Amino acid sequence: MEQAGSAETGFSLKRVALRGSALELSGYAAGQALRLLGNLVLSRLLFPEAFGLSALVSVFLVGLELLSDVGLEPCVVQSERGDERRFLDTVWTIQVARGALLSLLSLLLAWPAALLYGEPQLAALMAVSGLTALIAGFNSTSLYGLRRHVRLAPLMGLEVAGRAIGLVVMILWAWWSPSVWALVAGSFVDSLVHLAGSHWLQRGPRDRPGWDPEAARSVLHFGKWIFASSAVFFFGRQGDRLLLGHYLGMRVLGVYSIALFLSEAVGALVSRITHGVFFPIFSWAARESSERLGQVFYAMRLRSDLLALPAVGGLAVLGDEVVDLLYDDRYADAGWILQALCVRVAMACVSGPCETCLFAQGQTRYALYSNVAMTLWVWIGIPLGWLLAGLTGLVWATALSGLPVLLTVWAPLRRLGMLRVEREALAVAAFAAGMGLGTLVEAALRSLHG
């Protein structure tokens, strides 16, 4: 009976994983197609400096979010009380207060940021963009519940709808008045669509202000390591843009943001599947036993490794060709930057599921440790790379920032007896195979062009 039950559970987990991955893949593909279409159209209507300003605004807003992150969504997904109304009302109350605080902070930081970078426009851009945090604070907790139960179709539909409507606003605004405000307006409309859609999706009792001291303690206890980790993650993951804007200005930052967008196309898919599908499944398996988690971990990893790493390897070779095909000469330097950044993406495709596996066991402190390692690398390596080799050194310091993260998450997995060297070697082989295929495609293209 026990074996039959285990087999049934395994089949159920596999079915949920496949369905969830398929939904994430289809939703992500639709979203990325819209992003690419918008990027191509807007890159012709606007100018590199607009993308640089938009990237800098995004860095500050993401920074504020990460510096106040207490892990509300993963807490609901992981908690045994994640379906209780009183628990969810407490989470929603915290979320609303956090959104209001973020909006206020973005207003207070707007003028100092403009002075720091010598860009007067930045003040107004940050003040207005910060209102999206206030809007997001009122989103329904139904989004967390859908994620908890791996019911991803409504989430994917809402995301694609918000992006599509926001994109239409961006393009129309940029056509009518070519400025960075087109990008801000699209993001603002996207936030409003998410707000309305999240409450439309909610079934049962509506969110309302509430406070359960035990629930609040549970959230804060779970989120304390996430808070510290996210704060450090900001300086590690966004440090390249902060430093690049300082060293090279908005035009080069705009070109860099194009390369970053293209490089993370595959990596973001793996991240979505990891957080949206793997994390709930890993959490279920961890509640059953550590042995069960170890079995599920590499079964899930096999799919993501074979899906993502060959594609990233191919892009690492064909970066120049991709940029030449999609963009005009103003963005030509994005080609070699894209090639370098693919190395970081490949390492993130491996480290992300490893970190999530630890997370599912309640080992949230390792997220902090890995982000500390990455932050130290970025804030020491990028200035050093700039000093030694200019832009090339800066980009390669960024590209290799995933290495300390890998080493940090592999160590506890090894102590827990879950790390298998031969499986990690398979990931390296998948990336190398993609590079080999990319080299063949590159040679074929060169022969066609004489």
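The values are calculated or read from the model by the stated rules, or taken from the named source; none is laboratory data. Here the structure is a predicted model, which means the values were calculated and not measured. Note that we place each Cβ from the backbone using ideal geometry, even for glycine, and neighbour counts take in every protein chain shown.
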If a residue has to be assigned to a helix (DSSP H, G or I) and surrounded by fewer than 23 Cβ atoms within 10 Å (Cβ to Cβ) to count, how many in region 359-373 make the cut? 6
Examine region 417-428 for a residue that is in the same structural domain as Leu242 (by TED's automatic domain parsing) and farther than 21 Å from Leu293 by Cα, and state whether such a residue exists. yes
All positions within region 196-209 that are more than 17 Å from Leu88 (Cβ to Cβ) and surrounded by 17 or more Cβ atoms within 10 Å (Cβ to Cβ): Gly197
In region 261-269, is there at least one residue being aliphatic (A, V, I, L, M), modelled with pLDDT of 85 or more and in a helix (DSSP H, G or I)? yes
For region 328-353: of the residues being part of a helix (DSSP H, G or I) and free of Cβ contacts under 8 Å to residues at least 60 places away in the same chain, which is nearest to Ala285 (Cα to Cα)? Ser351
Boolean, Val345 is out of contact with any Pro (no Cβ under 7 Å at 6 or more places or on another chain) and buried (at least 21 other Cβ atoms within 10 Å of the Cβ): yes
Tell me whether region 195-212 contains one or more residues that are touching a residue at least 60 places away in the same chain (Cβ under 8 Å), in a loop (DSSP other than H, G, I, E, B) and acidic (Asp, Glu). yes
When restricted to Leu122, Leu146, Leu104, Leu183, the only residue among the hydrophobic types (A, V, I, L, M, F, W, C), closer than 27 Å to Trp211 by Cα and buried (at least 17 other Cβ atoms within 10 Å of the Cβ) is Leu146
For region 48-153, give me every one of the helices (runs of 4 or more DSSP H) that falls completely inside it and has 2 or more residues that are more than 19 Å from the chain's Cα centre (by Cα) and free of Cβ contacts under 8 Å to residues at least 24 places away in the same chain. 85-117, 121-129
Pair list, Cβ under 8 Å, 6 or more apart: region 397-426 residue assigned to a loop (DSSP other than H, G, I, E, B), other residue modelled with pLDDT of 90 or more and of a type in the set (Val, Ile, Thr): Leu400/Val343
Taking Val266, is it farther than 23 Å from Met347 by Cα and out of contact with any Ser or Thr (no Cβ under 6 Å at 6 or more places or on another chain)? no
Given (1) closer than 30 Å to Phe47 by Cβ; (2) in contact (Cβ under 8 Å) with a residue 60 or more places away in the chain, index of the condition Gln361 fails: (1)
Only one of Gly402, Gly434 that is in the same structural domain as Met347 (by TED's automatic domain parsing), buried (at least 20 other Cβ atoms within 10 Å of the Cβ) and touching a Pro at 6+ places or on another chain (Cβ under 6 Å): Gly434
